[in-house]
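Okay, structure first, notes after.
The values are calculated or read from the model by the stated rules, or taken from the named source; none is laboratory data. Just so it is clear, the structure is predicted and the values come from calculations on it, not from any experiment. For neighbour counting, all protein chains shown are included, and Cβ atoms are generated from backbone atoms with ideal geometry for every residue, glycine included.
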Amino acid sequence: MIEIVNKIEKWIYAVLMVLLIAVLIAGMLDLIWMLVYYLKDSSPYLLVPHEAISILGAFLLVLIGVELLDMIKAYFRENTIHVEIVVLLAIIAVARKVILVDPSEMTGFEYGFELIGIGVIFVGLAAGYYLIKKAGLTIGPDGVGKQP
């Protein structure tokens, strides 16, 4: 019974990988289109700040997808989940949020409170990443263990 479940799990990961590749290709095409559109739009070869932020946000979104794909590939190769990749993904997502936060849509207190919250999350993730890299932990079929 466990073998059947493991095969179904592998099949699900394979389907997820194919779907993620399709999403990444669409994201790359969107990023390329956005870059070309903004560079040709109002001021040729110059980006205004909101355009640069949009492009950087799309770039980081593609980067998050690539890291997620790397995590799925690592699971296929080694049948383990590399915890540092998951934490790194979360750090990139928080960085993307910091870049895309728009202070004009909130009061000064709300903006400050949001940045403090993001800062606490970022420090926690960075500390967790440091400890994971220092310990070399992964999660595999035998539970938590050291990386080879």
With respect to the numbered conditions (1) in a helix (DSSP H, G or I); (2) loosely packed, with under 13 Cβ neighbours inside 10 Å, which one is the sole condition not fulfilled by Leu63?
(2)
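Going through region 23-81 one residue at a time, which ones are at positive phi and polar (S, T, N, Q)? Explain how you work it out, then say what you get.
If we filter region 23-81 for residues that are at positive phi, which is where we start, we get 45, 79.
The answer is Asn79, and nothing else.
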Conditions: (1) at pLDDT below 90; (2) assigned to a helix (DSSP H, G or I). Tyr45 meets all but one. Number of the miss?
(2)
Could you list, in sequence order, all residues of region 66-83 that are in contact with a strand residue (DSSP E or B) (Cβ under 8 Å, 6 or more places away or on another chain) and assigned to a helix (DSSP H, G or I)?
Met71, Ala74, Tyr75, Glu78, Val83
